[in-house]
């Protein structure tokens, strides 16, 4: 049985919002943004990040460079924009498809495995991305806040359910526990990017550390 549909989504992208319910100006902005993100992703894949220019991205998106800079001020900002959109989709889909059975660690690992698989598609690009978002500023900070807010909220929902079902101790406050669970994942992700750990070794280490944390008295 899959999880309930009560997935917590970003406040700026409610599930009920559709292009038909937006005004023409808002639809045009969304369409341009989608073209920019798609063009940037395609060129990063085909040419590599270093060889791609903002002019090429603008031309591929069929917009002027001036318009492009309204959405992203640099190529690095575009990389963060691409990541935020794709990881948001990965995260929401992962939480949506979680089984309701299983431990909190099993559920968290199912989500993190999807995220790891996304990063593994292009490790060099992921390493570059991490350098840009470890201490984000400006628009990058806003983009990352939107993403982490969704991840924290849905992890907290899983923690709350595990408490109610008696799978973890009541003392595990949902928001704080969710942030700690994600911090364990994020620390291990950064380590994986500079080590020779394979995917299964990474997931095994994550399981041990999460189980140890949740078993603490």
Do we have any residue at all in region 122-138 that's part of a helix (DSSP H, G or I) and more than 27 Å from residue 54 (Cβ to Cβ)? no
Among the numbered criteria (1) assigned to a helix (DSSP H, G or I); (2) touching a residue at least 40 places away in the same chain (Cβ under 8 Å), which single criterion is violated by residue 172? (1)
Given the conditions (1) out of contact with any helix residue (DSSP H, G or I) (no Cβ under 7 Å at 6 or more places or on another chain); (2) not assigned by TED's automatic domain parsing to the domain that holds residue 159, which single one is not true for residue 57? (1)
Could you check region 156-169 and list, in sequence order, the residues that are in a helix (DSSP H, G or I) and either modelled with pLDDT under 95 or closer than 19 Å to residue 101 by Cβ (or both)? 157, 158, 159, 160, 161, 162, 163, 164
Among 157, 140, which is more than 15 Å from the chain's Cα centre (by Cα) and surrounded by 14 or more Cβ atoms within 10 Å (Cβ to Cβ)? 157
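From the list 17, 12, 2, which one is over 15 Å from residue 56 (Cα atoms), at pLDDT below 55, surrounded by fewer than 15 Cβ atoms within 10 Å (Cβ to Cβ) and in contact with a strand residue (DSSP E or B) (Cβ under 9 Å, 6 or more places away or on another chain)?
On the way: 17 fails: in contact with a strand residue (DSSP E or B) (Cβ under 9 Å, 6 or more places away or on another chain); 12 fails: in contact with a strand residue (DSSP E or B) (Cβ under 9 Å, 6 or more places away or on another chain).
Among 17, 12, 2, only 2 is over 15 Å from residue 56 (Cα atoms), at pLDDT below 55, surrounded by fewer than 15 Cβ atoms within 10 Å (Cβ to Cβ) and in contact with a strand residue (DSSP E or B) (Cβ under 9 Å, 6 or more places away or on another chain).
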Given (1) within 30 Å of residue 43 (Cβ to Cβ); (2) modelled with pLDDT under 95, number of the condition residue 200 does not satisfy: (1)
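The values are calculated or read from the model by the stated rules, or taken from the named source; none is laboratory data. Quantities reported herein were computed from a predicted structural model and do not represent experimental measurements. In this analysis, Cβ positions are derived from the backbone assuming ideal geometry, glycine residues included, and neighbour counts consider all displayed protein chains.
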